[in-house]
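Trainee: Dropping the structure in here first, questions after.
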Amino acid sequence: MRRYQADLLLLFAAAIWGFAFVFQKSAMEHIGPNAFIAARSLLAAVALSPLAWIEGRRASQILPTPLLRIALLGGVLFFVAAWFQQVGLITATVSNTGFLTGLYVIITPFVAWFWLGQRLTPQVWIAVALSFVGAWGLGGGTLAGFNGGDGLVAICALFWAIHLVITGASAAFDRPITYTAIQFATVGVLGGVAAALTETTKFVGIIAAAPEIAYVGLLSSALTFTLLAIAMKHASAAETAIIVSLETVFAAVAGALLLGERLAPIAIAGAGLILAAIIVVQLGGQTATPGSTGAKERPVQ
């Protein structure tokens, strides 16, 4: 594969992720957030299972216990992050959700610093300043311009950051598809239990939401994860990070084209600053010590 072909794959994946926010939002016209999380995750787990089996056949061990533990923990964190994001989307716009979710990139270095003791780079502090001003602009020139859904999405960014650090720890086992499949299965079970306890889910609702479930479960999760793994063999970490960060822009485009959402000029400027902050962190490196969480890693949403 040539470099430009890898870049096109990454751009395609970023577009799928960006447009996924529209499907996540429209799905809740038919089913609750927990039911949607369960359905999309179980579908992704089933789709990745054959690849995980092939990966396991080539490995020296069937399933190392430490990898299983990390995958289960990653699944729990994924569920919490997805829940905040999914519930937030009920009232938050797709555009705001895309940019606020992207803040996990800026938060991740602080999680790594607190959890692993990895020193922060100067670029992180620049990104913090840019993202704070950007959030102010995205809210229309005042943080009070955000609604409750926006707040939940902002919280989800924290859990995506913690999840990213856990995902980084799984890299040592060199079983990315196995890790992701177990993770999605865990999320599916947790989402199913939560839906059974808190929601009334009808079969007709699941059928009505089938296109959204299929898009997010198969395209936004299983397919893009595979594309990312292939493209990252031919593209640099910084190059990958910049292209993948464009999912926030695709989210805004999707919101405008499919839902008629419009950002005010000050909100567009704020969104641009948040995107700039994400790129600054990725280009500068998140932490200053070897073995830190890399820019290539991304939580599968």
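Trainee: Residues that are under 25 Å from Ile155 (Cα atoms), in contact with a Cys (Cβ under 7 Å, 6 or more places away or on another chain), modelled with pLDDT of 90 or more and not β-branched (Val, Ile, Thr): does the stretch 34-44 have at least one?
Mentor: no
Trainee: Looking at the stretch 228-237, can you tell me whether even one residue there is of a type in the set (S, T, N, Q) and within 18 Å of Ala38 (Cα to Cα)?
Mentor: No, because not a single residue in the stretch 228-237 is of a type in the set (S, T, N, Q) and within 18 Å of Ala38 (Cα to Cα).
Trainee: Something else now. Which of the numbered conditions does Gly137 fail, given that it passes all the others? Conditions: (1) crowded, with 18+ Cβ neighbours inside 10 Å; (2) over 18 Å from the mean Cα position of the chain (by Cα); (3) part of a loop (DSSP other than H, G, I, E, B).
Mentor: (3)
Trainee: As an exercise: evaluate Ile213 against (1) modelled with pLDDT under 95; (2) crowded, with 23+ Cβ neighbours inside 10 Å; (3) among the β-branched types (Val, Ile, Thr); (4) over 22 Å from Val105 (Cβ atoms) and give the number of the one condition it does not meet.
Mentor: The number of the failed condition is (1).
Trainee: Just give me the residues in the stretch 161-170 being within 16 Å of the chain's Cα centre (by Cα) and of a type outside the set (Ser, Thr, Tyr), in sequence order. Write out each step before concluding.
Mentor: Kept after step one, since they are within 16 Å of the chain's Cα centre (by Cα), are these residues of the stretch 161-170: 161-168.
Ala161, Ile162, His163, Leu164, Val165, Ile166, Gly168 - these are the residues of the stretch 161-170 that are within 16 Å of the chain's Cα centre (by Cα) and of a type outside the set (Ser, Thr, Tyr).
Trainee: Condition check: of a type outside the set (Val, Ile, Thr) and in contact (Cβ under 8 Å) with a residue 12 or more places away in the chain. Does Leu152 satisfy that?
Mentor: Values: of a type outside the set (Val, Ile, Thr): yes; in contact (Cβ under 8 Å) with a residue 12 or more places away in the chain: yes.
Considered against the rule, which asks whether it is of a type outside the set (Val, Ile, Thr) and in contact (Cβ under 8 Å) with a residue 12 or more places away in the chain, Leu152 comes out as yes.
Trainee: Taking Phe203 and the conditions (1) buried (at least 16 other Cβ atoms within 10 Å of the Cβ); (2) modelled with pLDDT of 90 or more, which numbered condition does it fall short on, given that it satisfies the others?
Mentor: (1)
Trainee: A follow-up question, please. With the condition kept exactly as written, say whether any residue in the stretch 191-205 is basic (Lys, Arg) and either out of contact with any Asp or Glu (no Cβ under 8 Å at 6 or more places or on another chain) or free of Cβ contacts under 8 Å to residues at least 24 places away in the same chain (or both).
Mentor: Let us first name the residues in the stretch 191-205 that are basic (Lys, Arg), namely 202.
With either out of contact with any Asp or Glu (no Cβ under 8 Å at 6 or more places or on another chain) or free of Cβ contacts under 8 Å to residues at least 24 places away in the same chain (or both) added as a condition, the list becomes 202.
The answer is yes; a qualifying residue exists.
Trainee: While we're on this one: Picking from Ser236, Ser245, Ser220, which residue would you name as being under 30 Å from Arg3 (Cα atoms) and free of Cβ contacts under 8 Å to residues at least 40 places away in the same chain? Walk me through how you get there before you give the answer.
Mentor: On the way: Ser245 fails: free of Cβ contacts under 8 Å to residues at least 40 places away in the same chain; Ser220 fails: free of Cβ contacts under 8 Å to residues at least 40 places away in the same chain.
Result: Ser236 is the single residue among Ser236, Ser245, Ser220 that is under 30 Å from Arg3 (Cα atoms) and free of Cβ contacts under 8 Å to residues at least 40 places away in the same chain.
Trainee: Right, another one. Among (1) modelled with pLDDT under 85; (2) assigned to a helix (DSSP H, G or I); (3) within 30 Å of Pro66 (Cα to Cα), where does Ala144 come up short?
Mentor: Condition not satisfied by Ala144: (3).
Trainee: A follow-up question, please. Tell me the helices (runs of 4 or more DSSP H) entirely within the stretch 1-119 that contain at least 2 residues that are free of Cβ contacts under 8 Å to residues at least 60 places away in the same chain and surrounded by fewer than 24 Cβ atoms within 10 Å (Cβ to Cβ).
Mentor: On the way: elements: 3-27, 33-58, 65-88, 94-101, 104-116.
By residue number, 3-27, 33-58, 65-88, 104-116.
Trainee: List the helices (runs of 4 or more DSSP H) inside the stretch 228-301, counting only whole elements, that have at least 3 residues being at pLDDT 85 or above and of a type in the set (A, V, I, L, M).
Mentor: Numbers: elements: 237-245, 247-259, 265-284.
Answer list for the stretch 228-301: 247-259, 265-284.
The values are calculated or read from the model by the stated rules, or taken from the named source; none is laboratory data. Fair warning: this is a prediction, and the values are worked out from it, not measured in the lab. With ideal geometry, Cβ positions are generated from the backbone for all residues, glycine too; neighbour counts draw on all protein chains shown.
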